[in-house]
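Here is the structure we will look at, set down as structure tokens.
What follows is calculated from the coordinates using simple rules that are stated; it is not laboratory data. From a predicted model like this one, the values you see are computed outputs, not experimental measurements. Note: ideal-geometry Cβ built from the backbone for every residue, glycine included; neighbour counts use all protein chains shown.
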Amino acid sequence: MQFVMYNLMNAKITTTIDIIVYIVFGLSFILALTLLVLLIIYKNIINKANQTSLTIESILKHPLSSRLNRMSFIAEASNNKHLKQDVELWKVKYYQIYKVELPELITNVNKFFLTNKFKKSQSFPSIFNFKKANQVFETSQTLESKVVEIYDQTQKITELEFLLRDLKIVIQENIDQLFKFINSKKENDDLKINHLVIKEYKQAINKKITVCDYYIKIGKFEEAFKKLINLAESVVKFIRFIDNTYKMVLSLEQNGVLYAKLQEVNSQLLLKSDNTNQSDQILERENINKAFQIDKEKILELLYAGKINSAAAIYDQLINKIATIHSNLKFEVRIFSFFENNIENIQNIISEFELETKKIEELIILNLSFKNNINEAKNRFYNIKPFIDAVNNEFQMICSRFIKFKYSAAGEAVLYKCVSQTKNILLRLEKYYNDFIEIYALLRTRDSFLEEIESKIDNIRTTLLFTESIIYRNSDIESLKQYKEWINTRFTQLSYVEKNSNLVLLSLKNFDKIIKDLDHQLKETIYIKHNVIDEVMLDKIAQYLVTYTSRFLGYKNDSVKKINKIMDAYQDKQYQKAIDLGISLIREIKNLKNLGE
């Protein structure tokens, strides 16, 4: 027994020891893991602080120091008091950071790097070191924000300088391209301009470039911007000068536009009709070519001297002169072409008017047959009809005269007369067209008569459908059933009239009869609709009175009898009687109440 007890105690002790060992091992593992994580965090904090200090140092050494020197130069050169004050403030902040705060930060960071190195004689970093490391990191962030603030403030001024320099570069590129183009045309003298004139332009532009560079350099940015705008305007002016000059020179050459127009004029003179005198034709050509050559030489002389405005004035006169000659020579051809191409079109227009005349005449006959008052339309139509009938014969005579004299010596005079007469015909037709529109508006067409019938049919059908819908919604009212057969009969009659509406227009008698019948049916339908509405209203009022008077049952001894009479009258469909009895009972009860009060 003692042996068993001993074994049990021994087992318990062993188990307890094992548990303690496991707990110690677990705590040791957690502690080691925690230390490892803390070391990693500690190292990252120090690395970030070190990286921030390096960034601050790099900004202070190169971009910011150079920029402050540049700002100081600009402030002195431009005599800008506000900028001078800002630069002095930036310098104070800069030297405070560079000489005091940054060295202190670098020293603290280096101390922590030494602490973080593994040495046998040195323990792991303590919690106190973590706190100090975090303070160093926060100091580095604050210092970096100060440097960035100074950098951003100076950036606003340097951005303006960069923008002006970029603008100047763009203008310079356009100037280089322009000079390159001029140099390419200079070898063959394609521009026909004195090289001294071009040289003066170049010198003026180069001087303005130098002035712009100077004002940008000394920091007078507003003045520099004005000079750049002035430079750009000068370049645009020079480009226009070169462009206009080059275009004029090209157009005067053999492959140019103006020279081609001159050759076209010469060709038209050669193709003139046979009745033109040959010697006159040659003389006319020589005079035109001689005048062109004289003007060309004047233009080139003025261009060579750089007098672009004077050259442009003569050039425009030359263009207008050749265009006028060209237009005059082509006028005769255009007129002949007009007649040859449009005789058929004009004839078609006249035929259309004749067709419209027949249509209007048919409408007049139709309106007269239906006794429609069309005196105004009739008088206007028969006043212009003789002129329309004569237009075709008149135009045929013009065409015959044109064909007969087209190639004769008097062809041009006849041609002008034919054109004038044709123009008068077209103007008259335009007036007749407006008259036709107004006459059509005064006449009624066959469709309008049919529309009148259809409109009346639609009104009757709409009224019938409305009445039928009332009867359907109140199908419990027995007295309404008497109207159903009447409504169905009217629908049948309407369908018959609608199908045979075209036959109605065969005579005035039929039309008048059907119109009167439809008017009578419409009145009768409206009367029935009102009767149906009255029946429904009487039923609703009587029904309401029956319900209302039932509240007074037992109010006095004879009230039951009177209410029964009301209900009997309602059941017998004597709605008016039920209403009269109900109103009488209500008044009687009201009087009794007043007496009681």
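You can think of it this way: the chain between ALA313 and THR55 has 86.1 nm of extra reach, that is 0.36 nm per residue less the Cα-Cα gap.
Run the numbers for LEU427 and GLU200: contour at 0.36 nm per residue of separation, minus the present Cα-Cα distance, in nm.
On the way: separation 227, 0.36 × 227 = 81.72 nm, distance 6.24 nm.
Separation in residues times 0.36 nm, less the Cα-Cα distance, equals 75.5 nm.
Distance between the pseudo-spin-label points of LYS180 and GLN155 (7 Å out from Cα toward the beta carbon): 3.5 nm.
Taking Cβ atoms as reference points and 14 Å as the exclusive limit, the residues near ILE460 contribute a net charge of -2, counting Lys and Arg as +1 and Asp and Glu as -1. Annotation: for a label point projected 7 angstrom from Cα along Cα→Cβ of SER495, residues of segment 523-541 with backbone N closer than 20 Å are 525. Placing R0 at 22 angstrom, the Cβ-Cβ distance between LYS516 and ASN375 gives a FRET efficiency of 0.35 after rounding to 0.05. Applying 1/(1 + (r/R0)^6) with R0 = 45 Å to the Cβ-Cβ distance of ASP458 and PHE387 gives a FRET efficiency near 0.60. In this calculation the C-beta distance from ILE218 to ASN134 is compared with R0 = 51 Å, giving a FRET efficiency of 0.60.
Too long at a 21 Å Cα-Cα cut-off: which of LYS456/LYS513; LYS359/LYS423; LYS61/LYS91; LYS481/LYS561?
From the list (LYS456/LYS513; LYS359/LYS423; LYS61/LYS91; LYS481/LYS561), the Cα-Cα distance tops 21 Å for LYS359/LYS423; LYS481/LYS561.
Length gained on full extension, ASN531 to ASN244: 94.1 nm, using 0.36 nm per residue less the C-alpha separation.
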